[in-house]
Amino acid sequence: MAKYVSLRIKIQKIMITKEDVLKKLPDLDSALSPEQREQVLEKMTVRAYRKNEPIYSEGDTPKHMLCLVSGKVKIYKDGVGGRAQIVRVVNSVEYFGYRAAFSDENYVTAAAAFEPSIIASIPIELIRHLILHNPQLGYFFIRRLAIALGKSDARTVNLTQKHIRGRLAESILYLKESYGTEEDGCTLCIHPSREDMANLSNMTTSNAIRSLSAFAQEKLIELDGRRIRILNENALQKISKMG
């Protein structure tokens, strides 16, 4: 079997090896044969990203499948006037960056770390080789692409048909569903800037600021800098649903 060298990364006082990373991916790990597992460990690289550090850019050629081991990542696309549109956020543990590779395209989006993150990379050529010899692994990726497509379709409808308040409410709930809350059960674990909230909700930053302030005045949320505390989730759900 292929040998590998354990890579240790220090980030936020956490030490992690490639073996540790693969154990955090039980669905992928269980789909691999022992020999394939060794191949993945040999070729895998693990890297720490700083907050707001780019991971890949629009137009780049994809060469790896990426997996967010810890932290938070945003997938975005530059729009009219240079304003970015956040297409989706990536959860840990979640795979990303491979759709373009499977379709032999360059990236049509860009990715950056929302906060300090650890990302594992596996060469896409190795993934292709393994899929050809492992139907279980092929189904693994088909299922994830199908799930991602369904979420993308739903989000496209929400961003194009809802009014500003509905889009903002949907984005707050989307962040809660994606990243969860702190110990109080109300404060979002992610602390996005006003620009990030605007880009996530397909609106200008000024509109995001006004709408967030309006939600706070209506006691739907509480704002403390970038921290968002949900006070009335039922009301937010109603606003999001009504659009």
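Is it true that some residue in the range 41-48 is in contact with an Asp or Glu (Cβ under 8 Å, 6 or more places away or on another chain), farther than 27 Å from Glu177 by Cα, at pLDDT 90 or above and among the hydrophobic types (A, V, I, L, M, F, W, C)? For the range 41-48, residues in contact with an Asp or Glu (Cβ under 8 Å, 6 or more places away or on another chain), farther than 27 Å from Glu177 by Cα, at pLDDT 90 or above and among the hydrophobic types (A, V, I, L, M, F, W, C): present. Restricting attention to the range 155-174, the residues being out of contact with any helix residue (DSSP H, G or I) (no Cβ under 6 Å at 6 or more places or on another chain), farther than 15 Å from Gln85 by Cα and charged (D, E, K, R) number 1.
Given the condition under 10 Å from the mean Cα position of the chain (by Cα), farther than 25 Å from Glu35 by Cβ and not in a helix (DSSP H, G or I), answer yes or no: does some residue in the range 60-68 qualify? Working first, answer last.
First, the residues of the range 60-68 that are under 10 Å from the mean Cα position of the chain (by Cα): 67-68.
Okay, now just the ones that are also farther than 25 Å from Glu35 by Cβ, so 68.
Of the ones still in play, those that are also not in a helix (DSSP H, G or I) are 68.
Taking every residue of the range 60-68 in turn, at least one turns out to be under 10 Å from the mean Cα position of the chain (by Cα), farther than 25 Å from Glu35 by Cβ and not in a helix (DSSP H, G or I).
Taking the range 69-87 as the range and being in contact (Cβ under 8 Å) with a residue 60 or more places away in the chain and surrounded by fewer than 19 Cβ atoms within 10 Å (Cβ to Cβ) as the test, the residues that pass are Arg83, Ala84, Gln85.
Kindly check whether there is at least one residue in the range 165-174 that is assigned to a helix (DSSP H, G or I), under 15 Å from the mean Cα position of the chain (by Cα), of a type in the set (Ser, Thr, Tyr) and not assigned by TED's automatic domain parsing to the domain that holds Pro54. The answer is yes; a qualifying residue exists. Restricting the range 88-117 to residues that are small (Gly, Ala, Ser) and touching a Leu at 6+ places or on another chain (Cβ under 7 Å), the residue that is modelled with the lowest pLDDT is Ser92. Take Ile239 and tell me if it is under 16 Å from Gly166 (Cα atoms), crowded, with 20+ Cβ neighbours inside 10 Å and hydrophobic (A, V, I, L, M, F, W, C). Yes, satisfied. On the basis of being without any contact (Cβ under 8 Å) to a residue 24 or more places away in the chain, polar (S, T, N, Q) and over 30 Å from Leu168 (Cβ atoms), does Ser103 make the cut? When the stated conditions are applied, Ser103 passes them.
Among residues that are of a type in the set (Gly, Ala, Ser) and either touching a Phe, Trp or Tyr at 6+ places or on another chain (Cβ under 9 Å) or not assigned by TED's automatic domain parsing to the domain that holds Arg83 (or both), Ser211 is included.
Could you say whether any residue in the range 139-155 is closer than 20 Å to Asn199 by Cβ, loosely packed, with under 14 Cβ neighbours inside 10 Å, outside the structural domain of Lys23 (by TED's automatic domain parsing) and without any contact (Cβ under 8 Å) to a residue 40 or more places away in the chain? Looking for residues that are closer than 20 Å to Asn199 by Cβ, loosely packed, with under 14 Cβ neighbours inside 10 Å, outside the structural domain of Lys23 (by TED's automatic domain parsing) and without any contact (Cβ under 8 Å) to a residue 40 or more places away in the chain, one finds none in the range 139-155, hence no.
The values are calculated or read from the model by the stated rules, or taken from the named source; none is laboratory data. Model, not experiment: these values are computed from the prediction. Note that we place each Cβ from the backbone using ideal geometry, even for glycine, and neighbour counts take in every protein chain shown.
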